[in-house]
């Protein structure tokens, strides 16, 4: 009996070992290095000043702008996802699988290439303005603005919002909806009282998966913002690459991590009663 | 099954053994040189030619940026005999005592390199003891001649609002500050905080008129007609003109940054004679010409310049005119305090 148990434990350890090695090497160790840099200065002495850098006006401004982009992109993703998923719900299985496949298809391509494509579409003489000119509409000045960054973020992260919502909504038993309809509920009531609450776990994990990466991204803003607009991610990237100040960069990263943790805490609290589908 | 397994293990074993043998033979052997250079910065056929002529084997490695080159060099995993990098990085290597003096006496072709390029390089290597100029160029304005209202000859066009929203600046601290400092008539290597702050004010005021801060795409945006003008390196401007013949390049009259990439012999080099042979080989007319035609940056080799067609000679992106260098300066390493201040000021510009 005992032997069987220890056998089981050792097998479990064996199975978990790739995970342990992975997490130790690629999550814990880098985190320790970042934290070490964050709490030391160039001379190696302990300091809180790197963390405090986040409160300087320049950095706060970048954080606020990141927050603006992240929140508006997340909201846009939610507003786009629900109607799409609701439409897919009524399709037959074959068509549904196909439409899901079409949605995921762009993800087979490198995301930087997709963002570069958006740069071509949105630039002053780009494809969008060319099409507008056929209809004699004045060219739009979207290139290198917050709008173009948002378009890129939404485009890139939409599948991460749609897929969990899709899974949650597809799980809803059709009988529930029919019962509600029998009792006289209109479409809006059904959506608000049944579909929305039951898809909440999917929605919450979607929010986490869109909000966090868009809050910390820097490549999209670099390419679509024309280097004129700074997210906090860009500030951190430059501390590492051009200013060569790893301490400040790490300090800002840790501060941002704390900030994201706090904002996510609201989501988990809400979620405790829901089903397990959030990543933590 | 067993057969395949055996085959695999034999292959792995051979690979291991041969790499060990190679590992032993490379590096210190007399007939070899290990060189690190920028990627696509030397005609590979010239390496074969050198080996054929001298019997010296060349292990050639590439790096993308000066920083990457430095990381490769300083890790010490490979002992390089020769390095080629940009002015400020070579200056750092000289100051750190990483380079050996070049034995100029053994050179046959040093005279092909114009004296003015050695003068240029003296900004980073005062006695021209450590570095051989390899390629050089300027930073200037690439513009669309069909869209400008008046001839472009001054940095003013980037700041006076005539081309608001049509200007592309370099997304690089030193390069953008250079433009502002030169417009104000200051040195690109200034250590004076007031001058830097004045330059920052100018760049801040300019920002609403700037379409974007780019590096690699700056040229393409002008080629595609998305912008009227961009601050670019002369080599990029040559390519831009190849794609769109309405484009022209000018080094503004206030002066600019002139960059120079140099070769140097490292302190690890066991056989400086061979290294000198390689550098001398690079100075030879036919070799320098092949490299020039491979890269199309400005060459400091006057024999090559003499042999160019009239069209090429007239192209300022290939052969900058004599006076183009008059007000130009080489970027040198600034004091840590100045670098820090500049970083801070640049961050404020980007955050605005």
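The values are calculated or read from the model by the stated rules, or taken from the named source; none is laboratory data. Not measured: the values here are computed from a predicted model. Note that each Cβ is placed from the backbone with ideal geometry, even for glycine, and that neighbours are counted across all protein chains shown.
At-a-glance table
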item: Condition broken by residue B:224, with the remaining ones in (1) out of contact with any strand residue (DSSP E or B) (no Cβ under 7 Å at 6 or more places or on another chain); (2) more than 14 Å from every other protein chain (Cβ to nearest Cβ); (3) more than 20 Å from residue B:351 (Cα to Cα) satisfied; result: (2)
item: Enumeration of residues in region A:12-48 that are within 14 Å of another protein chain (Cβ to nearest Cβ) and within 27 Å of residue B:351 (Cβ to Cβ); result: A:41, A:42
item: Single match in B:240, B:255, B:225 (criterion: more than 20 Å from the chain's Cα centre (by Cα) and modelled with pLDDT under 95); result: B:225
item: Residue check, residue A:167 surrounded by fewer than 20 Cβ atoms within 10 Å (Cβ to Cβ), within 14 Å of another protein chain (Cβ to nearest Cβ) and modelled with pLDDT of 90 or more; result: no
item: Filtered residue count, region A:213-244, keeping only those that are facing chain B (nearest Cβ under 10 Å), on the phi < 0 side of the Ramachandran plot and free of Cβ contacts under 8 Å to residues at least 60 places away in the same chain; result: 6
item: Any pair with Cβ under 9 angstrom, 6 or more apart, that starts in region B:63-74 at a residue that is more than 10 Å from residue B:39 (Cβ to Cβ) and ends at one that is at pLDDT below 80 and in a helix (DSSP H, G or I); result: B:67/A:241
item: Residue check for residue B:141: within 14 Å of chain A (Cβ to nearest Cβ), touching a strand residue (DSSP E or B) at 6+ places or on another chain (Cβ under 6 Å) and part of a strand (DSSP E or B); result: no
item: Region B:147-163, residues that are away from chain A (no Cβ under 14 Å) and in a loop (DSSP other than H, G, I, E, B); result: B:148, B:149, B:150, B:151, B:152, B:153, B:154, B:159, B:160, B:161, B:162
item: Qualifying positions in region B:164-190 - within 14 Å of chain A (Cβ to nearest Cβ), touching a helix residue (DSSP H, G or I) at 6+ places or on another chain (Cβ under 6 Å) and over 16 Å from residue B:232 (Cα atoms); result: B:164
item: Single unsatisfied condition, residue A:35 versus (1) touching a residue at least 24 places away in the same chain (Cβ under 8 Å); (2) outside any helix (DSSP H, G or I); result: (2)
item: Single unsatisfied condition, residue A:100 versus (1) assigned to a helix (DSSP H, G or I); (2) touching a residue at least 60 places away in the same chain (Cβ under 8 Å); (3) within 14 Å of chain B (Cβ to nearest Cβ); result: (3)
item: Positions within region B:89-107 being in a helix (DSSP H, G or I) and farther than 15 Å from residue B:37 by Cα, in sequence order; result: B:91, B:92, B:94, B:95, B:104, B:105, B:106
item: Residue within region B:236-245 that is in contact with a strand residue (DSSP E or B) (Cβ under 7 Å, 6 or more places away or on another chain), in the same structural domain as residue B:152 (by TED's automatic domain parsing), over 17 Å from residue B:170 (Cα atoms) and surrounded by fewer than 23 Cβ atoms within 10 Å (Cβ to Cβ) present; result: yes
item: Exclusive hit being more than 14 Å from chain A (Cβ to nearest Cβ) and either assigned to a loop (DSSP other than H, G, I, E, B) or crowded, with 20+ Cβ neighbours inside 10 Å (or both), set B:290, B:212, B:199; result: B:199
item: Residue A:92 being over 23 Å from the mean Cα position of the chain (by Cα), modelled with pLDDT under 90 and within 14 Å of chain B (Cβ to nearest Cβ); result: no
item: Residue list for region B:265-290, restricted to those being closer than 30 Å to residue B:238 by Cβ, touching a residue at least 12 places away in the same chain (Cβ under 8 Å) and out of contact with any strand residue (DSSP E or B) (no Cβ under 8 Å at 6 or more places or on another chain); result: B:280, B:281, B:284, B:287, B:290
item: Output for region A:120-172, where each listed residue is closer than 27 Å to residue A:215 by Cβ and part of a loop (DSSP other than H, G, I, E, B); result: A:123, A:140, A:141, A:142, A:143, A:144, A:145
